[in-house]
Amino acid sequence: RSWVTEQIDSAVALARDAGCQAIGLGGYTSSVTASCLRVQTKGIALTSGNSLAVGMSIRALEEGARRQGIDLATSWLGVVGVPGNIASIFATLMAPKVAGMVLVAHTLASKPLASLLQQLKRVAPALPIEPSDTPASLERCQLIVTATVGAGDLLQPEHLNGGPVVICDISVPSDVSARVARERPDVAVIPGG
């Protein structure tokens, strides 16, 4: 990891010396540098690609909901990949905007998930939140964001609401099965980030 971190540091210094004022780390460079904390180069603003991914994905989900005729304020949002960084930030920013939330985690017994639940209750005290460890719990959601790494084909047609549904897929590789496009024309899948 140190060799990769040194290469990233050199690239950041090159950008700074070329007159750049900010650099965004994406494509796993954020992960290698602990969300930019291991970058030693000073004199340039740093942001992780996660910030951009969340911002663009929120925008895409809101536009997708508008196009599908889905009202955010009366809809449930499913967030797959909590307590990961992107999924957790997405959930926190969207909590005040939706009627309820299903959080799908790999395991329900984790301190980061407990911390996220506390954070969500602070930003949206009355929001109903259902933690789960299975994508089948997404059936009540009209809106879904999925932000995992390596799960692949996690979301199947049988996991989805009767429609219409908007899915913003930030996952690498995609979490949405190809069956969704074939069998559910009422589902809009938006590549996020």
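Some points to look at:
- Multiplying each eigenvalue of the alpha-carbon gyration tensor of region 1-56 by 5 and taking the square root yields semi-axes of 17, 15, 8 Å, largest first, rounded to whole angstroms.
- Cut-off under 5 Å, modelled amide H: who pairs with residue 130 long-range: 101, 102, 103
- For residue 82, the residues whose amide H sits under 5 Å from its own are 104, ignoring neighbours fewer than 5 places away on the same chain, with H placed 1.01 Å from N.
- Residue 2 accessible area, 1.4 Å probe, all protein chains in place, Å² to nearest 10: 80 Å²
- Residue 76 contributes an accessible area of around 30 Å² to the protein surface, as traced by a 1.4 Å probe with all chains present.
- Sites residue 3 and residue 45, calculated FRET efficiency, Cβ-Cβ separation with R0 22 Å, nearest 0.05: 0.35
- Estimated inter-spin distance, residue 133 and residue 14, nm [label 7 Å along Cα→Cβ]: 4.5 nm
- Compactness of the chain, taken as the C-alpha radius of gyration over 2.2 N^0.38 Å, stands at 1.10.
- If the convex hull is drawn through the Cα atoms of region 109-181, its volume per residue in Å³: 106 Å³
- Taking amide hydrogens as placed 1.01 Å from N in the peptide plane, the amide H of residue 26 sits under 5 Å from those of 49, each at least 5 positions away in sequence or on another chain.
- Listed residues 117, 138, 46, most fluctuating in the chain (Gaussian network, C-alpha, under 10 Å): 46
- Straight-distance crosslink candidates among aspartates and glutamates, where the alpha carbon sits under 16 Å from residue 121 and sequence neighbours closer than 8 are dropped: 130
- Spatial separation of Cα centroids for region 1-22 and region 97-150, in angstrom: 36 Å
- With a cut-off of 13 Å between beta carbons, the residues surrounding residue 81 carry a summed charge of -3, where Lys and Arg count +1 and Asp and Glu -1.
- Efficiency of FRET from Cβ geometry, residue 126 and residue 172, R₀ 35 Å, rounded to 0.05: 0.55
The values are calculated or read from the model by the stated rules, or taken from the named source; none is laboratory data. Note that the structure is predicted; figures quoted are calculated from it, not measured. Neighbour counts are summed over all protein chains in view; Cβ atoms, including those assigned to glycine, are modelled from backbone coordinates with ideal geometry. Surface areas here come from the heavy atoms of the whole protein model, side chains and all, with no ligands, DNA or RNA. Shrake-Rupley method; radii C 1.70, N 1.55, O 1.52, S 1.80 Å.
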